[in-house]
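Below: one structure, written as structure tokens.
The values are calculated or read from the model by the stated rules, or taken from the named source; none is laboratory data. Quick caveat, the model's predicted, so the values are computed rather than measured. When we count neighbours, we look across all protein chains shown, and the Cβ atoms used for this are built from the backbone with ideal geometry, even at glycine. Protein only, heavy atoms only, side chains kept; ligands, DNA and RNA dropped before computing areas. Shrake-Rupley method; radii C 1.70, N 1.55, O 1.52, S 1.80 Å.
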Amino acid sequence: MAGGANVTVLDLEKEDLRAVNQRLQGADAGGGPFRVLHPRGAHALACGLTAGTEVEIEGHTGYYCAGMNEAARVTVKGNAGVGVAENMMSGEVWVTGDASQSAAATAHGGLLVVEGNTAARCGISLKGGDIVVKGNVGHMSMFLAQAGNLVVLGDAGESLGDSIYEARIYVRGKVASLGADCIEKDMREEHRADLRALLERAGCADADVGAFRRYGSARELYHFKSENLDSY
Amino acid sequence: MCGIVGLFLKNPALEGQLGAMFTPMLIEMTDRGPDSAGIAIYHDAAPDSFTKLTAFHPAPDFDWEAVCDSLRTEFNATVHDRRNGSHIVIATDAPVGKAARLIEDADPRVQIMSAGTAIEIYKEMGLPGAVAAQFKLGAMSGSHAVGHTRMATESAVTTAGSHPFSTGLDLCLVHNGSLSNHNTLRERLRDHEGLSFATENDTEVAAAYIANRLDKGRSLHHALEDCLNDLDGFYTFVAGTKDGFAVLRDPIACKPAVLAETPDYVAFGSEYRALVGLPGIERAKVWEPEPAVVYSWGGRA
């Protein structure tokens, strides 16, 4: 975070959640930076930020932290609850601990980095955002994902990429199982370049791109066909 | 929705503070379950050959003294009683099954909430804060406690339909979710295992199932593992026995759960915010229990 002298400290033990969110949302472009103390698992913290605000949250957050984020850079120094960075449009959300279920659900853009693990359904219905998880992801991750990338440096749980559309998944570790219509695909140079760029943005430029495998849609289930009934 | 909290002390020096640590956890889960709340607390173990029965009657002027007297004369038993709000704790050396029947037969509105040497279950309709205040939960000591705030989805909002459920000595179960095969399982347990049920509630069936497995010699840990084979539906369970505490989520982890552990305690919350007031939580190991994995502490786990 930028220079200590300019940092505005907001303490959720002293101010209520709505007041803190209004301060964060009211910041002009480039406003802040802010440090938020004692989040105490509060829901919907730092939601709906629309400027390039920098926010550092000292502790664990509740549901939907940094939801609908646009342009802001939000760091959670701790664990994040369900739906962190859900419906993010742009900007960056960084979680130093673990994230719960449905991280970056329906995100249209921006980057979510999780230093630890995520629970189930990471990147569900992703619409163009990028996600880098340095640990493992839970079951049904990237369910129905339409566009964007998920990079997993650890392992992926059951039914990875179930009913996936044109999103891409890169996994370095083991995949417990692939979901319906999700298959392993060739790593071409364009994918290696994308992956390298994502790893660099997530601060792990030293990770070997060659150790990852790529998964995506087999494009068999885009349109309903009765002979595919067993696959759903 | 529903909220669940649980606190299992590893450090006995904290037992005097159990209620004070636990009450804010329960109240924090009010917006997950404002219909009713319940608590199972393990404390104040009855002397050898005694059992504690916790019973409820909705009328504040119900004549519990007459019930205690008939226990004394019927079984030539020693009876100690302690009123607490709409509940009473009766400690007696009378045979537990017969004593429970006599208490329940005293009035159609009497309900036995729990039986065992250490367990006491208190539950009531209304906001969790009001329920905790009625029973003076904050002042209670004990080794562990499990609580539930209910947003009813599956059966009526009544005191009897509130959690925790207890269907075996010193056993309690709280549940967030809904089971889809509880009717067939209830029939199976009724017809083949001779169990009886007080409500139409799905959680009561799960509690009876676990009690039945424990009766067959399974540990709490293994009894919960058995649930994965025989229960269908959504569930996050927290179960307590006299000296054990266990957590299980269904294989697709439909309902939320957070665990925290320090050298002093293990704490469970439907959400992390239920745990934020606990001492040393900043340094606790905090994690989300994996789906279909049993976590257990103490007891015969």
Spatially proximal aspartates and glutamates relative to B:LYS10 (Cα-Cα < 12 Å; intrachain offsets below 8 disregarded): B:ASP243, B:GLU261, B:ASP264
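To the nearest whole percent, what portion of all C-alpha pairs in the protein assembly as shown is separated by more than 41 angstrom? Don't skip to the answer; put the middle values down first.
Values: 41601 of 141778 pairs.
In whole percent, the long-distance tail amounts to 29.
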Alpha-carbon centroids, region A:36-96 and region A:177-228: separation in whole Å: 27
Leaving out ligands, DNA and RNA, what percent of the accessible area of chain A is carbon and sulfur, probe 1.4 Å? 47
Can you pull the mean other chain C-beta count within 10 Å for peptide B:284-291? 5
Three semi-axes of the equivalent ellipsoid, chain A, Cα gyration tensor, whole Å, largest first: 33, 18, 15
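Dipole of chain B, Cα-centred, from +1 at each Lys and Arg C-beta and -1 at each Asp and Glu C-beta, to the nearest 20 debye?
Computed charge dipole of chain B: roughly 440 debye.
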So how tilted is helix B:96-105 from the main axis of chain B? Cα-based, degrees 0 to 90, rounded to 10. 70
Which values of log₁₀ I(q)/I(0), to two decimal places, follow from the Debye formula for region B:83-207 at q = 0.09, 0.12, 0.23 Å⁻¹ with a uniform point scatterer at every Cα? -0.27, -0.48, -1.64
Within region B:1-113, what whole-number % of the accessible surface is contributed by carbon and sulfur, with the 1.4 Å probe and all protein chains included in the calculation? 51
Can you count the Lys pairs in region A:4-202 whose Cα atoms are under 29 Å apart, with each pair 8 or more apart or on different chains? 9
Identify which of A:GLY173, A:GLY110, A:GLY216 has the largest mean-square fluctuation in a Gaussian network model of chain A, with springs joining Cα atoms closer than 10 Å. A:GLY173
Between helix B:202-215 and chain B: long-axis angle, C-alpha atoms, 0 to 90°, nearest 10: 80
What does the highest-first list of A:73-81, B:244-252 look like by mean Cβ count within 10 Å? A:73-81, B:244-252
Round to the nearest 0.05 the FRET efficiency obtained for B:GLN17 and A:LYS174 when R0 = 35 Å and r is the Cβ-Cβ distance. 0.20
Average projected area of the Cα convex hull of region A:181-232, in nm²? 4.8
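Between A:GLU200 and B:ASP230, what FRET efficiency comes out of the Förster formula 1/(1 + (r/R0)^6) with R0 = 56 Å and r the beta carbon distance, rounded to 0.05?
On the way: r = 50 Å, r/R0 = 0.89.
Step by step, r from the Cβ atoms, then E = 0.70.
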Area hidden from solvent between B and A (accessible, protein heavy atoms only, 1.4 Å, total, Å²): 1000
If R0 is 25 Å, what FRET efficiency do you get for B:LYS10 and B:ARG101 from their C-beta distance, rounded to 0.05? 0.10
Counting only heavy atoms of the protein chains, get the accessible area per residue of the protein assembly as shown (1.4 Å probe) and round it to a whole Å² value. 40
Have a look at A:ALA51, A:ALA156, A:ALA99 and tell me which one the Gaussian network model of chain A (Cα, springs below 10 Å) gives the largest fluctuation. A:ALA51
I'd like the Karplus ³J(HN,Hα) series for region B:243-259: coefficients 6.51, -1.76, 1.60, θ = phi - 60°, whole numbers in Hz, and an x wherever there's a Gly or Pro. 9, x, 8, 8, 9, 9, 10, 5, x, 9, 6, 5, 10, x, 6, 9, 10
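Using +1 on the beta carbon of Lys and Arg, -1 on that of Asp and Glu, and nothing else charged, what's the dipole of chain A about the Cα centre, debye to 20?
60
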For B:LYS216, list the aspartates and glutamates whose Cα falls under 16 Å from its own Cα; do not include residues on the same chain fewer than 8 positions away. B:ASP170, B:GLU193, B:GLU225, B:ASP226, B:ASP230
Just to be sure I understand the interface: list residues from region A:49-88 that lose 50 Å² or more of accessible area between the chain on its own and the complete protein assembly, 1.4 Å probe. A:HIS60, A:TYR63
Per-q log10 I(q)/I(0), region B:184-279, q = 0.22 Å⁻¹ (Debye; single scatterer per alpha-carbon; no solvent): -1.20
Most fluctuating of B:THR30, B:THR78, B:THR54 in the GNM of chain B (C-alpha, under 10 Å) is B:THR78
